[in-house]
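**Student:** Can you read through this structure? Questions will come right after.
The values are calculated or read from the model by the stated rules, or taken from the named source; none is laboratory data. Quick caveat: nothing in here was measured; it's all calculated off a predicted structure. All Cβ positions, even for glycine, are placed from backbone atoms using ideal geometry, and neighbour counts span all protein chains on display. Surface areas here come from the heavy atoms of the whole protein model, side chains and all, with no ligands, DNA or RNA. Shrake-Rupley method; radii C 1.70, N 1.55, O 1.52, S 1.80 Å.
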Amino acid sequence: MRHHVGVLAFALAFAAAACAPVDTDTAETAPAVEPVSDVLTEAEQAALTPEQVLEQLKDGNQRFVEGRLTLRDYNAQAAATASGQFPKAAILGCVDSRVPPEIVFDQGIGDLFVGRVAGNFENEDLLGSLEFATAVAGTPLIVVLGHTSCGAIKGAVAGVELGNLTAMLDNFDEVLAQVREIQAMGTVDPEEAALIQAAIEENVRRTMADILESSEVISGLVESGDLGVVGGVYDLATGQVTWMES
């Protein structure tokens, strides 16, 4: 009986302690994180240099890699940008579903122009889009974004033929020819995986050069210092972007 009384007393004491008021003055509480609802304004965009935007994208990618994405109020940003947009960068990327630019660079609604095509190459339509983004809308940076294990490059290496895809893959003929020539000289590993990776990187560099060569509008902005053109390769496994600055 004495044992049961002791257990009952302990239970009553524990319940009383659990129900005791908490001293809110001393209790530690984590500060609430407010979601970002602000969007880039015209004045803020105009004040940005290409170098500053590149640093912001690098920092955003690092946050993505480390799992520290910015909490955003997308509904508020959508409402704020409904009447106008002033993006900080234009991304020419691949259609690959695993490389969403706004996420991998931790950017919000209204921050990026995004043009996507399998293999992230340029053509007349994409050049016109980039000219609009830069010369008309004031964006100070163009990023050509490739990624590892690119299916378009793999298809070109394998000589895939399928409907309109056949003609699209012809866009990589010169890139593959150049990489195979370098490979034959012994400076690139003879394995196919090495050929594909080298072609992915060369394709980014060639697209950057072709944009400048094919668009007097864009090259003029670069010469005046108002625009930068850079490239990067996104690693599907790590989320890290390796940059190619020009």
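**Student:** Quick check on V136: is it under 24 Å from the mean Cα position of the chain (by Cα) and open to solvent by 40 Å² or more (accessible area, probe 1.4 Å)?
**Tutor:** Against the criterion (under 24 Å from the mean Cα position of the chain (by Cα) and open to solvent by 40 Å² or more (accessible area, probe 1.4 Å)), V136 qualifies.
**Student:** Given G239, G225, which one is open to solvent by 30 Å² or more (accessible area, probe 1.4 Å) and of a type outside the set (V, I, T)?
**Tutor:** Just one listed residue meets the conditions, G225.
**Student:** Can you find even one residue in segment 203-222 that is assigned to a strand (DSSP E or B), in contact with a helix residue (DSSP H, G or I) (Cβ under 6 Å, 6 or more places away or on another chain) and open to solvent by less than 60 Å² (accessible area, probe 1.4 Å)?
**Tutor:** Scanning segment 203-222 turns up no residue that is assigned to a strand (DSSP E or B), in contact with a helix residue (DSSP H, G or I) (Cβ under 6 Å, 6 or more places away or on another chain) and open to solvent by less than 60 Å² (accessible area, probe 1.4 Å).
**Student:** I'm told F86 meets every condition in (1) among the aromatic types (F, W, Y); (2) over 23 Å from A46 (Cβ atoms); (3) open to solvent by 50 Å² or more (accessible area, probe 1.4 Å); (4) assigned to a loop (DSSP other than H, G, I, E, B) except one. Can you identify the failing condition by its number?
**Tutor:** Unmet condition: (2).
**Student:** Restricting the search to segment 92-104, which residues are touching a helix residue (DSSP H, G or I) at 6+ places or on another chain (Cβ under 6 Å) and open to solvent by 30 Å² or more (accessible area, probe 1.4 Å)?
**Tutor:** Across segment 92-104, there are no qualifying residues.
**Student:** Answer yes or no: is there a residue in segment 9-28 that is at pLDDT 95 or above, more than 30 Å from T148 (Cα to Cα) and not β-branched (V, I, T).
**Tutor:** Scanning segment 9-28 turns up no residue that is at pLDDT 95 or above, more than 30 Å from T148 (Cα to Cα) and not β-branched (V, I, T).
**Student:** Among (1) within 25 Å of E51 (Cβ to Cβ); (2) open to solvent by 10 Å² or more (accessible area, probe 1.4 Å), there is one condition L162 misses while meeting the rest; what is its number?
**Tutor:** With respect to (1) within 25 Å of E51 (Cβ to Cβ); (2) open to solvent by 10 Å² or more (accessible area, probe 1.4 Å), L162 is out only on (1).
Residue-by-condition table, conditions (1) surrounded by 12 or more Cβ atoms within 10 Å (Cβ to Cβ); (2) at pLDDT 95 or above; (3) of a type in the set (S, T, Y); (4) within 44 Å of the chain's Cα centre (by Cα):
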site	(1), (2), (3), (4)
H4	no, no, no, no
T41	yes, yes, yes, yes
Q45	yes, yes, no, yes
Q77	yes, yes, no, yes
A90	yes, yes, no, yes
